[in-house]
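Reading through the structure tokens given below for one structure.
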């Protein structure tokens, strides 16, 4: 635990703004803040968790006017004594205040150190600590909801329940090892096996959310491809809601890949528009085609845009969705004939918007690998959780196999202990020393 070590940082983003916030945490946090603060109310009479207006001064003179709030531990974000200074926004004002705080004995905080102290001091488990940055980085409503669910402890609660159940099995088995005269009759042995299978099912249910968790945190790589003038750039502009790509009747206008972010049905997508796929003697355009094919291979979802008014060609490799564009120029009968030529193709008109809702839904369904209309589980595990839980599930399978083979209890208890450690690692109850730095160094300074 951190006791005397006091840290400080500017918690708001750099640049100009109405307000900048500085945070101080540690044994001398409140004393340092009060030493720089002057107001009508004596420093000794400042109530906790209350904002007071005054001026901030050091030995060189006045630094700024602003607000101060103090948070004695453990009733604070970090669980330690904390203080927050709200000053005028701007690089110089906040920097001068931070410099004065550091001169009073605090040190500059490392990235994520405030949240790391909150975890170490028991204010949150490791899944909640990770969720802090997920909330900050959330780029869609759905991603934000998922992060908030995790921050509120939804995943941590499930993991704690799993660990408690597994601990009961381990305790029962190791009690038998220590006191063999008690015995475990077949009925008890079968119950332990059923308990293990139930625990593994709960773990596998969490593992099933990993794909959505990856999508919400990293986004889906969506690539638009097709021949020149099929309408790829126009579709990109439609999905984005603004004119990002140049649209021209001149074939080969798009020479390079163009990537932009968009939220479709609450799912983050990184959409890439590509050069038209065709044989060309132009070296620059050929490089664009090469990059387009490379983007297709790296994509999560590919939409092949076809001109429904032109002869239809066969799809390139890894095509998952086909959009028949320009159907506003065709009759209903012609549209049906075109659809019959390519199975599961979607008729759209980028110009009029016809069929775009259906195309967007199909894209989202492909991304989530599900056609269900039910709301997804909001709290989804991340890659670290997935690795820990996968190890736990594998160890449980080993233990189940040992019990079914009637192996010695000592042999069964080994993978059970490993599974217990792997589950505990998710919330930070075991084996977390090596991963703390890796997790918190990705945080903002001041968080």
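Since every read-out is calculated from the coordinates, none of them should be taken as a lab result. The model shown is predicted, which means the values in this text are computed figures rather than measured ones. Don't worry about glycine lacking a Cβ; one is built from the backbone with ideal geometry, like all the others, and counts go over all protein chains shown.
Odds and ends about this structure:
- For the chain, built as a Gaussian network whose Cα springs stay under 10 Å, the top-fluctuating residue of 427, 414, 220: 414
- Estimated from helices alone, the mean residue ellipticity of the chain at 222 nm is -14500 deg cm²/dmol (sum of -39500 (n - 2.57) over DSSP H runs with n ≥ 4, per residue).
- Packing-based ranking, highest mean first, of 416-426, 155-165, 31-41 given that Cβ atoms within 10 Å are counted: 416-426, 155-165, 31-41
- Here the relative contact order of the chain, from alpha carbon pairs under 8 Å that lie six or more residues apart, stands at 16 percent.
- Extension gain, residue 297 to residue 340: 0.36 nm times the residue separation minus the Cα-Cα distance gives 12.8 nm.
- A simple packing score, the average count of other Cβ atoms within 10 Å per residue, orders the peptides 384-396, 9-21 as 384-396, 9-21, with the highest score first.
- Antiparallel bridge percentage (DSSP; both residues within the chain; nearest 5): 65 percent
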